[in-house]
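Since every read-out is calculated from the coordinates, none of them should be taken as a lab result. Please read all numbers here as calculations on a predicted model, not as lab measurements. Glycine also receives a Cβ, built like all others from the backbone with ideal geometry; neighbour counts cover every protein chain displayed.
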């Protein structure tokens with residue numbers, strides 16, 4: 001009697017694989033792939049990937065608030081707030097020290113919460129012996145932005161990529177960061193971030209919409 005080995009192989013594979021069809025994926029959180037930092041009682045993690053039971057990936061910004069009692073003992077429970085990640089233009093830059101790509105320059109970024117809830121990120125960048133600054137504020141160029149009048153006067157709202165960046169201004173001096181020497185006094189500055197890196201761009205004050213001059217990539221140091 002001849003045996004059809006091909007049919008037997010297909011039968012065996014079907015018997016093994018069919019029970020696996022339709023099995024749900026295991027939901028998981030991948031904190032190691034997020035950008036995070038800690039401040040006092042809170043841990044902040046930005047763009048935290050998760051997978052659901054179908055294997056679909058979603059992203060969240062997470063705040064973990066730890067509790068400590070009068071004896072200084074940390075509670076085994078914590079308050080966790082998770083919100084779907086928001087567009088780049090409204091995201092908060094992660095504070096800390098950043099290395100300027102291709103340069104020995106560094107920038108220190110600190111955040112200030114304004115009375116209207118927006119976050120102002122203040123840059124202090126060291127270029128040689130000089131320390132100069134700029135700041136950007138999250139959210140759209142609209143009511144509540146502290147640099148609204150200046151940005152509208154510079155027609156920044158007409159930039160084709162206005163919604164993809166967080167906008168602000170240089171301070172009152174002209175300076176360089178790395179190889180970009182066009183951080184002129186009062187120039188508009190845009191910032192993009194993925195949580196671990198910041199891309200700064202500076203724009204001239206010529207005919208609107210203003211011309212991109214140059215920029216830098218900053219990488220957060222440990």
| field | Rounded if a/c under 1.5, otherwise prolate or oblate - segment 68-167, Cα gyration tensor axes | value | oblate
| note | FRET efficiency (residue 142, residue 185; Cβ distance; R0 22 Å; to 0.05) is 0.35
| query | With each label point set 7 Å from Cα along the Cα-Cβ vector, what nm distance links residue 25 and residue 67? | reply | 3.4 nm
| Counting other C-beta atoms within 10 Å, which of 26, 50 has the fewest, and how do the rest follow? | 26, 50
| query | Can you put 150, 32 in order, fewest other beta carbons within 10 Å first? | reply | 32, 150
| said: Modelling each spin label as a point 7 Å along the Cα-to-Cβ direction, I'd like the residue 33/residue 199 distance in nm, to one decimal. | reply: 2.0 nm
| Which value in Å is the Kirkwood Rh of segment 89-220 over different Cα pairs? | 14.5 Å
| query | If each of residue 149 and residue 74 carries a label point 7 Å out from its Cα toward its Cβ, how far apart are those two points in nm? | reply | 4.7 nm
| How much length, in nm to one decimal, is gained on full extension between residue 174 and residue 131, taken as 0.36 nm per residue of separation minus their Cα-Cα distance? | 14.4 nm
